[in-house]
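Structure first, then comments.
The values are calculated or read from the model by the stated rules, or taken from the named source; none is laboratory data. Everything numeric here is computed off the predicted structure, so don't read it as measured data. We place every Cβ from the backbone using ideal geometry, glycine too, and count neighbours over all the protein chains shown. Only protein heavy atoms, including side chains, enter the accessible area calculation; ligands, DNA and RNA are left aside. Shrake-Rupley method; radii C 1.70, N 1.55, O 1.52, S 1.80 Å.
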Amino acid sequence: MTTFTIGDRGLPAQIAAEIGRRIALGELKPGEILPKESEMLGNLRVSRTTLREALKILSTKGFIEAKPRLGTRVRAPEHWNTLDPVVLSWHEGAQDQERLAEELFEIRLAIEPMAAGLAARRGSADEVVRIRAAYSRMTEDHATVSAAIESDIEFHLEIIQAAHNRFLLPVSAVIRTALTISIPRTLRTFGGLQHSLKMHEAIVEAIEARNAATAETAAETLLNATYQRNFLSAQP
């Protein structure tokens, strides 16, 4: 049975994050039983209500389950709500960061071309203007790398917003995480955003022309080029 401490931070979300990270990083294994409530209260020095709220967060995200007479067990990864941005944050520090980055990029490959096509079909005039404005901000000289990254993220999220698919909106948090990881890699590889501006503009032009097929193809071209350079070129 595992024991742990978290200091005196005390908030349910912080406790859930600490335990969640230990599960995500494999320190707590699937099937392992968490300490009894009395032991955890002694280690954590928080109220019973706070602890139960933290465990409820972990249960909601699929990380643990409580069974009568068996205790609270760690669940296997297939039960985790991996698309939750909070759960994604718990993977920080995992040994398979390269694999995680690639898998997140694969989500982009699956979603963003479709979103571009939908934006061409469904985006309002104002939303199309915002996509063009977001692209224009990408072409500016940025004072910091973080500003350049944020301008790129904004462009892609504006397209998802303009797709008007209620099921895509929750995924936008995952796309932001994927972009936050992939864009710095791209900037290091290419030395800036200039290399991809024409490919981004091709997406904008297709959306402005209301050409869904061309918008989808343009997004695929951008993403495949980035995927090839960031991941496939590094493979033996």
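If you take the residues in the range 169-186 that are out of contact with any Leu (no Cβ under 7 Å at 6 or more places or on another chain) and surrounded by fewer than 18 Cβ atoms within 10 Å (Cβ to Cβ), which one is modelled with the lowest pLDDT? Step by step, filter the range 169-186, then rank; the result is Arg185. Residues in the range 39-66 that are part of a loop (DSSP other than H, G, I, E, B), in contact with a helix residue (DSSP H, G or I) (Cβ under 6 Å, 6 or more places away or on another chain) and small (Gly, Ala, Ser): 1 in all. For the range 192-209, the set of residues classified as under 24 Å from the mean Cα position of the chain (by Cα) and in contact (Cβ under 8 Å) with a residue 40 or more places away in the chain consists of Gly192, Leu193, Leu197, His200, Ile203, Val204, listed by residue number. Determine whether Phe63 is touching a Gly at 6+ places or on another chain (Cβ under 7 Å) and at pLDDT 90 or above. When the stated conditions are applied, Phe63 passes them. Scan the range 79-94 and give yes if some residue there is of a type in the set (Val, Ile, Thr) and part of a loop (DSSP other than H, G, I, E, B), otherwise no. Scanning the range 79-94, I find at least one residue that is of a type in the set (Val, Ile, Thr) and part of a loop (DSSP other than H, G, I, E, B), so the answer is yes. In this structure, is Val87 open to solvent by less than 30 Å² (accessible area, probe 1.4 Å) and under 30 Å from Ser38 (Cα atoms)? Yes: the conditions hold for Val87. Just give me the residues in the range 15-36 being over 17 Å from Pro77 (Cβ atoms) and open to solvent by 60 Å² or more (accessible area, probe 1.4 Å), in sequence order. Of everything in the range 15-36, just one residue is over 17 Å from Pro77 (Cβ atoms) and open to solvent by 60 Å² or more (accessible area, probe 1.4 Å), namely Lys36. Per the listing Glu53, Glu78, Glu37, the residue uniquely under 26 Å from Tyr227 (Cα atoms) and either of a type in the set (D, E, K, R) or modelled with pLDDT of 90 or more (or both) is Glu78.
Does Arg69 qualify as being of a type in the set (Lys, Arg), closer than 15 Å to Glu37 by Cα and either touching a Pro at 6+ places or on another chain (Cβ under 8 Å) or not in a helix (DSSP H, G or I) (or both)? Yes. Applying the set (1) open to solvent by 30 Å² or more (accessible area, probe 1.4 Å); (2) over 18 Å from the mean Cα position of the chain (by Cα) to Thr50 leaves exactly one unmet item: (1).
Could you list all residues from the range 110-136 that are of a type in the set (A, V, I, L, M), open to solvent by 50 Å² or more (accessible area, probe 1.4 Å) and either touching a His at 6+ places or on another chain (Cβ under 8 Å) or modelled with pLDDT of 95 or more (or both)? Matches in the range 110-136: Met114, Ala125, Val129. Of the numbered criteria (1) closer than 15 Å to Ile15 by Cα; (2) open to solvent by less than 70 Å² (accessible area, probe 1.4 Å); (3) β-branched (Val, Ile, Thr), the one Thr72 fails is (1). When Leu44, Leu58 are checked against the criterion of being under 30 Å from Ile111 (Cα atoms), open to solvent by less than 30 Å² (accessible area, probe 1.4 Å) and without any contact (Cβ under 8 Å) to a residue 60 or more places away in the chain, a single residue qualifies: Leu58.
Taken as a whole, the condition of being surrounded by fewer than 16 Cβ atoms within 10 Å (Cβ to Cβ) and at pLDDT 95 or above does not apply to Asp96.
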